[in-house]
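Values quoted throughout were computed directly from the atomic coordinates according to the rules given, and no laboratory measurement underlies them. Since the model is a prediction, treat every value here as computed from it, not as a measurement. Quick reminder, even Gly has a Cβ in these numbers, built from the backbone with ideal geometry, and neighbours come from all protein chains shown.
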């Protein structure tokens, strides 16, 4: 099924509310909903429709529909996935875990939905067409590092994120005593392109995340897709030979949590446009530690599911457009990191 850009999921549930919630969860991570029906509306023709890649069945009254389930397993040509039961409240952390379990099971059956990179391609084309020189790319391993950064923030982004992060970085003033780690859901092989696009008109330098390298203020590292990355309290990069936790790579939740463990209130996170809810679970941990969590506002997002999910936890302390987020960060740094600025 790899030839299909987005697998299509058929949803069968005996509760109207459950069908709605399950469909929203499926669509938020990029899958298509082929059909959504109650079991009494499902016919043999519908079950055998080749346009459905997998059936997700979520029934409250399994005894009532036992004969239907038997029939479904006998004649269905697509795989059948039994759901996770009634969804918790949509504003709870339990809901996000429930949603991720569904995603994980679907991913095992039909694979991940194809990432949408059209916004990145547009950005890349504009950077190629422009005669201005590229100001920042990945720095080679001989790069001479400055003083280690004491303030390292995580920028999390997914669908629509490349454009939003670019706008944010270009609005930041030079000389800020801060470094960034960017966790962007993207196709493998695009990270060097991202560094060129994001760094073109930014005052920050992009450096390659090598194990043992120290990140300095004024620098940015893009988290790798295939290795867990963190930065310790001495601003040194550590790379682990293991995949990121959860359905997304890199995991924004995990990046936020690891940075908080090392930097405490000297870190923070900003969540930009994206599908799904990556970052929402870690947001609660960060706020308990007194760490700032901000998010792009819905109106300026290409897809607001990710920042909206974080806002729904009640842990986001500021929302704005990418430019407003940049200006807010400049003011926050002046107020809270004044000693670093003086140094």
- prompt: Which residue, 99, 170, 147, tops the fluctuation ranking in a GNM of the chain built on C-alpha contacts under 10 Å?
  reply: 147
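Using just the helices of the chain, give the 222 nm mean residue ellipticity in deg cm²/dmol: DSSP H runs with n ≥ 4 each add -39,500 (n - 2.57), and the total is spread over all residues, rounded to 500.
-11000 deg cm²/dmol
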field: Tensor-based shape of segment 249-334 (alpha-carbon gyration tensor, a/c under 1.5 rounded, otherwise prolate or oblate)
entry: oblate
field: segment 252-293-segment 21-88 distance, computed between alpha-carbon centres (Å)
entry: 35 Å
- prompt: How far, in degrees from 0 to 90, does helix 16-28 lean away from the longest principal axis of the Cα atoms of the chain, to the nearest 10?
  reply: 40 degrees
- prompt: Over the alpha carbons of segment 146-208, what is the largest minus smallest coordinate on each principal axis, giving the biggest first in Å?
  reply: 32, 21, 17
message: Classify segment 169-320 from the C-alpha gyration tensor, please: rounded if a/c falls under 1.5, else prolate or oblate depending on whether a/b exceeds b/c.
response: rounded
message: Only counting other Cβ atoms within 10 Å, I'd like 231, 33 sorted with the fewest neighbours first.
response: 33, 231
task: Could you work out how far helix 161-171 tilts from the main Cα principal axis of the chain, as a 0 to 90 degree angle to the nearest 10?
output: 20 degrees
message: As I understand it, the value is the acute angle between the Cα axis of helix 93-110 and the longest principal axis of the Cα atoms of the chain; what does it come to in degrees, rounded to 10?
response: 70 degrees
- prompt: Restricting the count to DSSP beta bridges whose residues both fall in the chain, what percent are antiparallel, rounded to a multiple of 5?
  reply: 15 percent
task: Report which label in (1) 21.9, 73; (2) 18.9, 55; (3) 18.3, 63 holds the value of Rg and Dmax of the Cα atoms in Å derived from the coordinates of this structure.
output: (1)
task: Give me 16, 267 ranked fewest to most by other Cβ atoms within 10 Å of their Cβ, as a rough exposure proxy.
output: 16, 267
- line: At 25 °C and 0.890 mPa s, the Stokes-Einstein diffusion coefficient in µm²/s for segment 8-110, with hydrodynamic radius from the Kirkwood sum on alpha carbon pairs, is 179 µm²/s
- request: Give me 289, 221, 256 ranked fewest to most by other Cβ atoms within 10 Å of their Cβ, as a rough exposure proxy.
  value: 289, 221, 256
